[in-house]
């Protein structure tokens, strides 16, 4: 079996490099092999990975087709961890498609699985995503309840990126509630963490969000400080390093992983 693993691992490397078509080529080759040798767990892993590539390509219906194949196998073989992962992935796909209730259905199946296997990072991810859906639905207090459960879990496992994203998302909910000081309190906690971990995209989003708070409350000079003086040079530096423009949609909402 050791000789078979490099084929699927090459797919992982290509996917991480953003070379999605090459990843699909290796994943599909590996899938045939694992099916031929009857390795159901590896088959499910490959199906899940193929689904993730299609989701990254924006082809969510294709992603769901592969995720659902993976889910059936993972349940059949008793892979509780894999089941939780795939349930979460299905939830993300439905969330992306704007089908909030379907997303909640799958997130709420994933959550007890992550708790049962003792995976606080996965649990935090699902709680944060559920909070995001309730925020989208305008149910701000429900959103806060879930986000505030996710935050200490991210801190406990040392996920600084997850912590920063959740702080930012809590800030966004307080912004929706019109609570300026609470909004800034959470954004200002998220900002130094994003800087510390070198997450420039996250830093840009938070600077944008802080500037928007000041703009919305009529403090134009403070808004200018964050949007023009702090944000613009950061965006320019990011674009030089990445050799492409920062997508404008990134500065609208700090989306979850």
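Assess whether residue 101 counts as being surrounded by fewer than 21 Cβ atoms within 10 Å (Cβ to Cβ), out of contact with any strand residue (DSSP E or B) (no Cβ under 6 Å at 6 or more places or on another chain) and farther than 30 Å from residue 143 by Cβ. Against the criterion (surrounded by fewer than 21 Cβ atoms within 10 Å (Cβ to Cβ), out of contact with any strand residue (DSSP E or B) (no Cβ under 6 Å at 6 or more places or on another chain) and farther than 30 Å from residue 143 by Cβ), residue 101 does not qualify. Looking at this structure, is residue 82 part of a helix (DSSP H, G or I), surrounded by 15 or more Cβ atoms within 10 Å (Cβ to Cβ) and under 17 Å from the mean Cα position of the chain (by Cα)? No: the conditions fail for residue 82.
Just to be sure, is residue 138 in the same structural domain as residue 178 (by TED's automatic domain parsing) and on the phi > 0 side of the Ramachandran plot?
no
Scanning region 98-115 turns up one or more residues that are out of contact with any helix residue (DSSP H, G or I) (no Cβ under 7 Å at 6 or more places or on another chain) and not in a helix (DSSP H, G or I). Kindly indicate whether residue 155 is surrounded by fewer than 18 Cβ atoms within 10 Å (Cβ to Cβ) and free of Cβ contacts under 8 Å to residues at least 12 places away in the same chain. The answer is yes for residue 155.
Quick check, is residue 49 outside the structural domain of residue 159 (by TED's automatic domain parsing), closer than 22 Å to residue 162 by Cβ and in a helix (DSSP H, G or I)? Break it down into steps so the answer makes sense when it comes.
Values: outside the structural domain of residue 159 (by TED's automatic domain parsing): yes; closer than 22 Å to residue 162 by Cβ: yes; in a helix (DSSP H, G or I): yes.
The answer is yes for residue 49.
The values are calculated or read from the model by the stated rules, or taken from the named source; none is laboratory data. On a predicted model such as this, the values are computed, not experimentally measured, just so you know. Glycine also receives a Cβ, built like all others from the backbone with ideal geometry; neighbour counts cover every protein chain displayed.
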